[in-house]
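Take a look at the structure set out below.
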Amino acid sequence: MTDPELRAQSFEIAWKYLDQSGLLTGERRDSARFILNRIDRMMLRGERRRLLLSNAAIDAYRLRSALVALDA
């Protein structure tokens, strides 16, 4: 699998989970950028396990949402 395919599949898994669980908040473009940024940073460090990439992005997004809620 190529890196662009891995990135796309990892994003799709994370996005679908967050969307179906109702956890996506705010502007969708910003949410997508945040998720892709997390996946990209992990890939730059050498991670290539699709589920680990998607789960880490989900966890980071959940934490981000919790922190934003605390600031409000």
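Out of the range 53-63, which residues are closer than 22 Å to Met1 by Cβ and open to solvent by less than 40 Å² (accessible area, probe 1.4 Å)? Show your work before the answer.
Restricting attention to the range 53-63, the residues satisfying the condition of being closer than 22 Å to Met1 by Cβ are 53-58.
Scanning the range 53-63 gives Leu53, Ser54, Ala56, Ala57, Ile58.
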Check your understanding: Looking only at residues in the range 1-10 that are aliphatic (A, V, I, L, M) and either in a helix (DSSP H, G or I) or within 11 Å of the chain's Cα centre (by Cα) (or both), which one is surrounded by the most Cβ atoms within 10 Å (Cβ to Cβ)?
Key -> Leu6
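Looking only at the range 11-34, count how many residues are assigned to a loop (DSSP other than H, G, I, E, B) and open to solvent by 90 Å² or more (accessible area, probe 1.4 Å). Steps first, please.
Going through the range 11-34, the residues assigned to a loop (DSSP other than H, G, I, E, B) turn out to be 21-27.
In the following step, the residues that additionally are open to solvent by 90 Å² or more (accessible area, probe 1.4 Å) were identified as 27.
Going through the range 11-34 one residue at a time, the tally reaches 1.
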Exercise for review: Could you give me the residue pairs with C-beta distances under 7 Å whose first residue belongs to the range 1-18 and is over 11 Å from Leu36 (Cα atoms), whose second residue is outside any helix (DSSP H, G or I) wherever it lies, and which are 6+ apart or on separate chains?
Suggested key: Leu6/Arg48; Leu18/Leu24
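Mind listing whichever residues of the range 35-52 are hydrophobic (A, V, I, L, M, F, W, C) and buried (at least 17 other Cβ atoms within 10 Å of the Cβ)? Spell out how you get there, then give the answer.
Of the range 35-52, the ones hydrophobic (A, V, I, L, M, F, W, C) are 35-36, 39, 42-44, 51-52.
Of everything in the range 35-52, those that are hydrophobic (A, V, I, L, M, F, W, C) and buried (at least 17 other Cβ atoms within 10 Å of the Cβ) turn out to be Ile35, Leu36, Ile39, Met42.
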Review point. List the pairs whose first member sits in the range 43-67 and is touching a residue at least 40 places away in the same chain (Cβ under 8 Å), whose second member is of a type in the set (Val, Ile, Thr) and not in a helix (DSSP H, G or I), and whose Cβ atoms are under 6 Å apart, counting only residues at least 6 apart or on separate chains?
Key: Ser65/Thr25
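The values are calculated or read from the model by the stated rules, or taken from the named source; none is laboratory data. Note that the structure is a prediction, hence the values are computed from the model and not measured. Cβ: placed from backbone, ideal geometry, glycine included. Neighbour counts: every protein chain shown. To get the accessible areas, we keep the full protein, side chains included, count just its heavy atoms, and leave off ligands, DNA and RNA. Shrake-Rupley method; radii C 1.70, N 1.55, O 1.52, S 1.80 Å.
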